[in-house]
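The values are calculated or read from the model by the stated rules, or taken from the named source; none is laboratory data. From a predicted model like this one, the values you see are computed outputs, not experimental measurements. Cβ placement follows ideal geometry from the backbone for every residue including glycine, while neighbour counts extend to all protein chains displayed. Please note that ligands, DNA and RNA were not included when accessible areas were found on the heavy atoms of the full protein model with its side chains. Shrake-Rupley method; radii C 1.70, N 1.55, O 1.52, S 1.80 Å.
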Amino acid sequence: MKLTANQLTVFRVAFLPLPYFLVYGGKFERVAAIATFAILGLTDYLDGLLARRDGGTKLGALLDPLADKIFVAVTLIPIADLRILPLWVVWPIFLREFLVTDLRRFLASAQMELPVTELAKIKTTLQMTGAGLILLTDTFPDKTVSAAFLSGALLATIFLAVGLYWRDGSITHRIRTALGLLVLGLAILAIFKTQDANLAYGIVMLGITLASGAHYVIVGLPICVKKGLASFVRLVFTLAFPMLPLVFVDVNIIGAAGVVVLIIVFEFVSQGIDMWVLREGFFDVTWIKSWICLPVAVIVLASAVDILGGIGGIRLYLLASVFLSGSYMFFDVLVHRRPIYNQLIGKKT
């Protein structure tokens, strides 16, 4: 049976829980997690090759960015939970992902479509490799392993650049960017101590992530505002629902990070479905998230904290949020089950 890009994407998502749990183990388990993340990250490149070989599909256009976002969630949330990076670095990265998707939904409703920029593609690769590099540097604080990894990657990229220049007479922008980032990575490693180096890597990752979303915000936010106060409030509410639980990742609650990962994954999946539904002209149910799910979650948080106290209240709020988020996702799938099924089997909707 011929392997397809969509099958490889599903494989990547299905195996992501394994390295997530390994990250919380000892050094051996951490190395196994990094190796697994690297292998799964490589499948992102391979399914791109398969998609170009066989031709892309609408399902693949939905699954591939979802898999990338889930990959980032599974790597970055444990990094924040383990205090390797501060939450103020990780939180805005997820804000960018949710905000850009919602703004693209507003643009789609206005019959406007912004193509994925080259910087956005670089951002995704940088997030994957940056998270792995941060874990590697934290696992081996003497920095020799990280230096070897970056040096090897730099050498391989130089050889690739020379080969491309020999063949085409020029070097692509992506290769030049990769060379610059690898040199920057080695410079950071040489200048800073381990903890400060990881913080510097996180800030670079954050800066490029935010820069990659600036174009969407500049174009999309005014359109959202022009639609009226209700549209803007709905945007804020839609963002608040997944972003509020992220605030509690570094609270000392056993299992909180795992619950937050589930919420983020559910939200990424439902966002992807909602975007596809809007493009295809099917029934939109996103108002449920804004006007029902978020108010219920906030009421649960306020009531639970008042009755159970801080930790107990936050724990109950997170459980309520994961239930609401999961319920919305399954309801979204249920409402659109027929077109989703037709898409899966390749039938026109």
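Starting from region 276-305, keep only residues that are within 18 Å of residue 327 (Cα to Cα) and charged (D, E, K, R), then list their pairs with residues that are surrounded by fewer than 16 Cβ atoms within 10 Å (Cβ to Cβ) and at pLDDT below 80 whose Cβ atoms are within a distance under 7 Å, requiring at least 6 positions of separation or different chains.
none
Report whether or not residue 119 is open to solvent by 50 Å² or more (accessible area, probe 1.4 Å), of a type in the set (A, V, I, L, M) and at pLDDT below 85. Talk me through it step by step, then tell me what you get.
Numbers: open to solvent by 50 Å² or more (accessible area, probe 1.4 Å): yes; of a type in the set (A, V, I, L, M): yes; at pLDDT below 85: yes.
Yes.
Just the residues that are over 27 Å from residue 35 (Cβ atoms) and either in a helix (DSSP H, G or I) or not hydroxyl-bearing (Ser, Thr, Tyr) (or both), please, taken from region 146-193. It would help to see each step written out before you state the result.
Filtering region 146-193 down to residues over 27 Å from residue 35 (Cβ atoms) leaves 162-173, 176, 191.
Result: 162, 163, 164, 165, 166, 167, 168, 169, 171, 173, 176, 191.
If a residue must be over 23 Å from residue 194 (Cα atoms) and exposed (fewer than 11 other Cβ atoms within 10 Å of the Cβ), how many such residues does region 142-162 contain?
So the answer is 1.
Criterion first (hydrophobic (A, V, I, L, M, F, W, C), out of contact with any Asp or Glu (no Cβ under 6 Å at 6 or more places or on another chain) and either part of a loop (DSSP other than H, G, I, E, B) or surrounded by fewer than 16 Cβ atoms within 10 Å (Cβ to Cβ) (or both)) does residue 211 satisfy it?
Details: hydrophobic (A, V, I, L, M, F, W, C): yes; out of contact with any Asp or Glu (no Cβ under 6 Å at 6 or more places or on another chain): yes; either part of a loop (DSSP other than H, G, I, E, B) or surrounded by fewer than 16 Cβ atoms within 10 Å (Cβ to Cβ) (or both): yes.
So residue 211 fits the description; yes.
So, of the residues in region 288-302 that are among the small types (Gly, Ala, Ser) and surrounded by fewer than 20 Cβ atoms within 10 Å (Cβ to Cβ), which turns out to be nearest to residue 233 (Cα to Cα)? Before the answer, list the steps.
First pass over region 288-302, keeping only residues among the small types (Gly, Ala, Ser): 290, 297, 302.
Remaining after also requiring surrounded by fewer than 20 Cβ atoms within 10 Å (Cβ to Cβ): 290, 302.
Numbers: 290: 9, 302: 21 Å.
By that ranking, first place goes to 290.
Would you check which residues across region 307-324 are farther than 17 Å from residue 251 by Cβ and either among the acidic types (Asp, Glu) or open to solvent by 60 Å² or more (accessible area, probe 1.4 Å) (or both) and list them?
Initial filter on region 307-324 (farther than 17 Å from residue 251 by Cβ): 307, 323-324.
Of everything in region 307-324, those that are farther than 17 Å from residue 251 by Cβ and either among the acidic types (Asp, Glu) or open to solvent by 60 Å² or more (accessible area, probe 1.4 Å) (or both) turn out to be 307, 323.
Just to confirm my filter: which helices (runs of 4 or more DSSP H) fall fully inside region 1-79 and include at least 2 residues that are open to solvent by 40 Å² or more (accessible area, probe 1.4 Å), of a type outside the set (Asp, Glu) and modelled with pLDDT under 85? Spell out the reasoning first.
Details: elements: 5-15, 17-22, 27-54.
Those helices (runs of 4 or more DSSP H) span 5-15, 27-54.
Is there any pair linking a residue in region 30-41 that is in contact (Cβ under 8 Å) with a residue 60 or more places away in the chain to one that is among the small types (Gly, Ala, Ser) and open to solvent by 30 Å² or more (accessible area, probe 1.4 Å), with Cβ under 8 Å and at least six apart or on different chains, and which?
33/25
Which ones in region 125-138 are β-branched (Val, Ile, Thr) and crowded, with 19+ Cβ neighbours inside 10 Å?
Narrowing region 125-138 to residues β-branched (Val, Ile, Thr): 125, 129, 134, 137.
Residues satisfying the conditions are 129, 134, 137.
Would you pick out the residues in region 236-265 that are closer than 17 Å to residue 290 by Cβ and surrounded by fewer than 22 Cβ atoms within 10 Å (Cβ to Cβ)?
236, 237, 239, 240, 243, 244
If I filter region 223-234 for residues that are surrounded by 14 or more Cβ atoms within 10 Å (Cβ to Cβ), over 25 Å from the mean Cα position of the chain (by Cα), at pLDDT below 90 and not in a helix (DSSP H, G or I), do I get at least one hit? Explain how you work it out, then say what you get.
Quick first cut of region 223-234, residues surrounded by 14 or more Cβ atoms within 10 Å (Cβ to Cβ) only: 223-224, 227, 231-232, 234.
Applying the additional criterion that residues be over 25 Å from the mean Cα position of the chain (by Cα) yields 227.
Those still in the list that are at pLDDT below 90 too: 227.
Then keep just the ones that are not in a helix (DSSP H, G or I); that gives 227.
Yes, region 223-234 contains at least one residue that is surrounded by 14 or more Cβ atoms within 10 Å (Cβ to Cβ), over 25 Å from the mean Cα position of the chain (by Cα), at pLDDT below 90 and not in a helix (DSSP H, G or I).
Which ones in region 140-181 are closer than 18 Å to residue 125 by Cβ and touching a Ser or Thr at 6+ places or on another chain (Cβ under 6 Å)?
Within region 140-181, 146, 178, 179 qualify.
Only one of (1) more than 18 Å from the chain's Cα centre (by Cα); (2) closer than 17 Å to residue 77 by Cα; (3) among the β-branched types (Val, Ile, Thr) fails for residue 288. Which number is that?
(2)
Listed residues 193, 143, 226; which is free of Cβ contacts under 8 Å to residues at least 40 places away in the same chain and more than 30 Å from residue 108 (Cβ to Cβ)? First the steps, then the outcome.
On the way: 143 fails: free of Cβ contacts under 8 Å to residues at least 40 places away in the same chain; 226 fails: more than 30 Å from residue 108 (Cβ to Cβ).
Selected residue: 193, the only one of 193, 143, 226 that is free of Cβ contacts under 8 Å to residues at least 40 places away in the same chain and more than 30 Å from residue 108 (Cβ to Cβ).
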